[in-house]
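Visitor: Mind looking over this structure? Questions follow.
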């Protein structure tokens with residue numbers, strides 16, 4: 001990914017001496033599609049930094065590698081929290097970041113080589129995403145966990161726990177799967193947002209309020225707090241929680257190729273749903289919903305959609321009990337163009 005070219009900062013980062021290096025140290029200006037860009041990854045600079053002990057970070061690997069993307073999407077569906085994955089490649093006898101805490105939960109998945117980890121106590125309880133560590137940290141206690149991770153090992157580190165790692169005689173690569181947890185403060189911000197709909201709370205403070213803030217608070221503050229208290233008392237917490245839920249990012253790998261192959265579609269073509277479907281029917285129509293897309297189709301295709309929805313590969317000819325040759329080809333073409341159906345991979 002690094003030496004093949006084409007990646008741009010911050011898809012690749014370099015960590016050296018325990019700290020992230022500035023992007024200018026390993027990017028260059030180049031022409032892409034006739035336009036000049038200044039943040040193309042300079043593979044030679046990254047190579048040189050790695051040779052001097054720097055760690056290479058592949059950020060948001062789930063966006064670049066379909067297999068990692070599918071893994072993260074499945075984990076996200078199970079946890080209801082957004083999931084990301086970064087890769088860290090560290091040369092022998094080196095360390096990445098200094099002791100630090102993360103603002104998200106992390107699963108460390110060791111891919112190759114070995115890495116020694118030390119996890120200490122909480123440096124900050126349940127930090128939010130902007131509550132990063134500040135300044136250099138020192139470990140004031142004995143590690144809770146001190147372990148060497150080998151290929152296939154997994155280590156869980158809750159957000160806020162201080163940790164660090166380093167290699168010994170061999171290079172190491174691991175994935176950090178980050179769980180970007182929704183917190184209650186995120187949910188309850190919806191109550192604060194509702195204050196904007198209150199005429200009483202949109203009123204301006206009186207002219208000269210700074211001369212007597214105590215008097216203003218005594219005269220009007222309780223009245224305004226009562227308005228807020230009513231908003232809190234009437235808040236629909238279920239709806240506020242539901243607003244934090246988001247459908248998994250659509251998995252589109254293979255779908256552009258499927259569109260390109262529409263001209264070769266035959267009854268022998270093997271297809272499958274490109275993601276989980278939800279089917280519903282009303283007023284002579286059937287609705288296909290995938291979280292980010294809703295498609296309404298004639299009710300007569302409902303049995304064919306019911307066969308497709310579970311996601312198992314099928315041959316287009318399998319739809320023959322409900323649709324004629326032209327009908328099943330038209331349905332498949334429509335679903336492929338909408339990103340709901342793709343050619344099934346061998347195996």
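The values are calculated or read from the model by the stated rules, or taken from the named source; none is laboratory data. Keep in mind that this is a model prediction, so the values were computed, not measured. Reconstructed Cβ throughout: ideal geometry from the backbone, glycine too, with neighbour counts over all protein chains shown.
Visitor: From the list 108, 68, exactly one residue is assigned by TED's automatic domain parsing to the domain that holds residue 163, within 16 Å of residue 173 (Cβ to Cβ), touching a residue at least 12 places away in the same chain (Cβ under 8 Å) and assigned to a helix (DSSP H, G or I). Which is it?
Guide: Selected residue: 68, the only one of 108, 68 that is assigned by TED's automatic domain parsing to the domain that holds residue 163, within 16 Å of residue 173 (Cβ to Cβ), touching a residue at least 12 places away in the same chain (Cβ under 8 Å) and assigned to a helix (DSSP H, G or I).
Visitor: Can you find even one residue in the range 173-184 that is surrounded by fewer than 11 Cβ atoms within 10 Å (Cβ to Cβ) and without any contact (Cβ under 8 Å) to a residue 12 or more places away in the chain?
Guide: No - not one qualifying residue is present in the range 173-184.
Visitor: Related question: Answer yes or no as to whether residue 281 is exposed (fewer than 14 other Cβ atoms within 10 Å of the Cβ) and touching a helix residue (DSSP H, G or I) at 6+ places or on another chain (Cβ under 7 Å).
Guide: Numbers: exposed (fewer than 14 other Cβ atoms within 10 Å of the Cβ): yes; touching a helix residue (DSSP H, G or I) at 6+ places or on another chain (Cβ under 7 Å): yes.
The answer is yes for residue 281.
Visitor: Kindly indicate which of 130, 120, 125 is under 28 Å from residue 184 (Cβ atoms), out of contact with any helix residue (DSSP H, G or I) (no Cβ under 7 Å at 6 or more places or on another chain) and crowded, with 18+ Cβ neighbours inside 10 Å. Spell out the reasoning first.
Guide: Values: 130 fails: crowded, with 18+ Cβ neighbours inside 10 Å; 125 fails: crowded, with 18+ Cβ neighbours inside 10 Å.
Selected residue: 120, the only one of 130, 120, 125 that is under 28 Å from residue 184 (Cβ atoms), out of contact with any helix residue (DSSP H, G or I) (no Cβ under 7 Å at 6 or more places or on another chain) and crowded, with 18+ Cβ neighbours inside 10 Å.
Visitor: Another question, then. Quick one: residue 15 ticks every box in (1) more than 29 Å from residue 253 (Cα to Cα); (2) outside any strand (DSSP E or B) except a single one, so which number is it?
Guide: (2)
Visitor: Among the residues that make up the range 220-242, is at least one of them modelled with pLDDT under 90 and under 30 Å from residue 335 (Cα atoms)?
Guide: yes
Visitor: Tell me, which residue of the range 178-205 that is under 25 Å from residue 61 (Cα atoms) and touching a helix residue (DSSP H, G or I) at 6+ places or on another chain (Cβ under 7 Å) is modelled with the highest pLDDT?
Guide: From the range 178-205, those under 25 Å from residue 61 (Cα atoms) are 178-183; that's our starting set.
Applying the additional criterion that residues be touching a helix residue (DSSP H, G or I) at 6+ places or on another chain (Cβ under 7 Å) yields 179, 182.
Details: 179: 97, 182: 93.
Result: 179.
Visitor: Run residue 195 past the list (1) free of Cβ contacts under 8 Å to residues at least 60 places away in the same chain; (2) surrounded by 13 or more Cβ atoms within 10 Å (Cβ to Cβ); (3) outside the structural domain of residue 225 (by TED's automatic domain parsing) and report the number of the one that doesn't hold.
Guide: Of everything listed in (1) free of Cβ contacts under 8 Å to residues at least 60 places away in the same chain; (2) surrounded by 13 or more Cβ atoms within 10 Å (Cβ to Cβ); (3) outside the structural domain of residue 225 (by TED's automatic domain parsing), residue 195 misses just condition (3).
Visitor: Taking the range 307-332 on its own, how many of its residues are in contact with a strand residue (DSSP E or B) (Cβ under 9 Å, 6 or more places away or on another chain) and part of a helix (DSSP H, G or I)?
Guide: So the count comes out to 5.
Visitor: Take the residues in the range 288-339 that are modelled with pLDDT under 90 and out of contact with any helix residue (DSSP H, G or I) (no Cβ under 7 Å at 6 or more places or on another chain); name whichever of them is surrounded by the most Cβ atoms within 10 Å (Cβ to Cβ). Break it down into steps so the answer makes sense when it comes.
Guide: If we filter the range 288-339 for residues that are modelled with pLDDT under 90, which is where we start, we get 289-294, 311, 339.
Now narrow it down to the ones that are out of contact with any helix residue (DSSP H, G or I) (no Cβ under 7 Å at 6 or more places or on another chain): 289-294, 311.
On the way: 289: 15, 290: 19, 291: 16, 292: 12, 293: 14, 294: 11, 311: 13.
It comes out as 290.
Visitor: Looking at residue 130, is it under 19 Å from the mean Cα position of the chain (by Cα), outside the structural domain of residue 14 (by TED's automatic domain parsing) and within 20 Å of residue 84 (Cβ to Cβ)?
Guide: Criteria met by residue 130.
Visitor: Okay, next question. Within the range 84-105, restricting attention to residues that are at pLDDT 95 or above and assigned to a strand (DSSP E or B), which residue is farthest from residue 181 (Cα to Cα)?
Guide: Going through the qualifying residues, I end up with 90.
Visitor: Please go through the range 26-52 and pick out each residue that is assigned to a loop (DSSP other than H, G, I, E, B) and in contact with a strand residue (DSSP E or B) (Cβ under 7 Å, 6 or more places away or on another chain).
Guide: Of everything in the range 26-52, those that are assigned to a loop (DSSP other than H, G, I, E, B) and in contact with a strand residue (DSSP E or B) (Cβ under 7 Å, 6 or more places away or on another chain) turn out to be 26, 42.
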